[in-house]
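In what follows, a single structure is set out as structure tokens and then discussed.
The values are calculated or read from the model by the stated rules, or taken from the named source; none is laboratory data. None of the values given here were measured: they were computed from a predicted structure. Here the Cβ positions follow ideal geometry from the backbone for every residue, glycine too, while neighbour counts run over all protein chains shown. Ligands, DNA and RNA are excluded from the accessible area calculation, which covers all protein heavy atoms including side chains. Shrake-Rupley method; radii C 1.70, N 1.55, O 1.52, S 1.80 Å.
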Amino acid sequence: MKVNLNLIRSYREKGHVLIKEALLKDEVLNIRQQIRDEVYLSARNLAEDQYLKTFLFDMNLWERNNIIKKFIFNEKIANIAADLMGVEKVRLLNDAAYFKKPHNLQTKWHYDLDFYPLNTSNVVTAWIPLLDLPAEIGSMNFITSSHLLNYENKSIKQIMKEVILKRYKEESYGALNIGDVTFHSGLTLHNAAENKTSITREVITITYYEDDSCIIDPRDHETKSYYLNRFFPGLKPGDKAETYLNPILTPF
């Protein structure tokens with residue numbers, strides 16, 4: 001699938017974009033139960049904590065399920081990510097399942113690159129609903145053009161204050177159908193509202209980054225240190241961000 005130039009332009013201006021029918025409905029339905037099984041199995045092994053009050057969460061399902069692996073390694077979505085970023089090759093950073101159950105709390109404002117020890121801003125996440133989402137749940141909320149802000153040495157509290165002062169626009173794509181996919185930059189501020197419906201919002205994400213990226217020093221950042229060990233085992237600052245967990249997913 002070649003991405004329309006208007007969608008590419010919109011992504012680069014806003015830091016997020018919705019691509020309708022990016023996947024076939026059957027592609028998603030065929031994988032949904034596999035993902036559900038993995039998520040609920042993992043949830044049974046977790047102690048009650050704040051994450052479980054916000055959503056059920058599981059990462060890198062592809063490592064333990066070959067059916068899910070085939071879906072995550074789908075070149076179609078990887079090629080879209082590459083087109084949006086304007087790069088030739090992308091590597092897999094991770095997949096992550098987020099199941100927001102009824103009455104689960106709001107997910108706080110954040111940007112993904114605050115967590116990853118990479119020296120590139122070319123990081124994009126595909127957000128893939130596993131069922132039709134009504135407007136009451138909808139997609140995430142994005143702060144449009146927030147990916148163009150300077151985040152260096154600023155806390156989320158300071159960044160959000162700047163967003164308010166500069167009157168940045170908050171957007172959501174509302175109701176989504178199976179096969180629709182949103183994409184957002186690793187520098188785009190986003191959150192998800194409390195689930196006030198009676199259904200669970202089931203989503204799988206795939207995050208990609210530009211090939212030839214390098215590892216940066218996580219310093220005393222606890223989450224970056226964790227992800228360095230989890231997704232880039234054995235690497236140290238300055239190394240190319242390339243391990244068996246980070247295959248190139250776009251054609252050579």
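Which condition from (1) open to solvent by 40 Å² or more (accessible area, probe 1.4 Å); (2) modelled with pLDDT of 95 or more; (3) among the hydrophobic types (A, V, I, L, M, F, W, C) is the one that residue 128 breaks?
For residue 128, the failing item is (1).
Between a first residue in segment 218-229 that is open to solvent by less than 50 Å² (accessible area, probe 1.4 Å) and a second residue that is assigned to a helix (DSSP H, G or I), which pairs have beta carbons less than 6 Å apart while being 6 or more apart in sequence or on different chains?
Once the first residue is open to solvent by less than 50 Å² (accessible area, probe 1.4 Å) and sits in segment 218-229, its partners that are assigned to a helix (DSSP H, G or I) give 218/224; 218/225; 218/228.
Could you check, for segment 177-186, whether at least one of its residues is open to solvent by 40 Å² or more (accessible area, probe 1.4 Å), farther than 20 Å from residue 114 by Cα and out of contact with any Leu (no Cβ under 6 Å at 6 or more places or on another chain)?
Yes; the residues of segment 177-186 include at least one that is open to solvent by 40 Å² or more (accessible area, probe 1.4 Å), farther than 20 Å from residue 114 by Cα and out of contact with any Leu (no Cβ under 6 Å at 6 or more places or on another chain).
Residues are listed down the side, and each one gets a yes or a no for (1) over 24 Å from residue 211 (Cβ atoms); (2) at pLDDT below 95; (3) not in a loop (DSSP other than H, G, I, E, B):
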residue	(1), (2), (3)
18	yes, no, yes
26	yes, no, yes
39	yes, yes, yes
57	yes, yes, yes
80	no, no, yes
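Counting just the residues of segment 103-125 that are closer than 11 Å to residue 184 by Cα and assigned to a loop (DSSP other than H, G, I, E, B), which one comes out most open to solvent (accessible area, probe 1.4 Å)?
Across segment 103-125, the extreme among qualifying residues is 122.
Just the residues that are free of Cβ contacts under 8 Å to residues at least 60 places away in the same chain and either surrounded by 14 or more Cβ atoms within 10 Å (Cβ to Cβ) or assigned to a helix (DSSP H, G or I) (or both), please, taken from segment 131-142.
Just the residues of segment 131-142 that are free of Cβ contacts under 8 Å to residues at least 60 places away in the same chain, to begin with: 132, 135, 138, 140-141.
If the condition is that a residue be free of Cβ contacts under 8 Å to residues at least 60 places away in the same chain and either surrounded by 14 or more Cβ atoms within 10 Å (Cβ to Cβ) or assigned to a helix (DSSP H, G or I) (or both), then 132, 138, 140, 141 are the ones that fit.
With 209, 151, 168 as the choices, which residue is more than 25 Å from residue 40 (Cα to Cα) and either among the small types (Gly, Ala, Ser) or buried (at least 19 other Cβ atoms within 10 Å of the Cβ) (or both)?
Result: 209 is the single residue among 209, 151, 168 that is more than 25 Å from residue 40 (Cα to Cα) and either among the small types (Gly, Ala, Ser) or buried (at least 19 other Cβ atoms within 10 Å of the Cβ) (or both).
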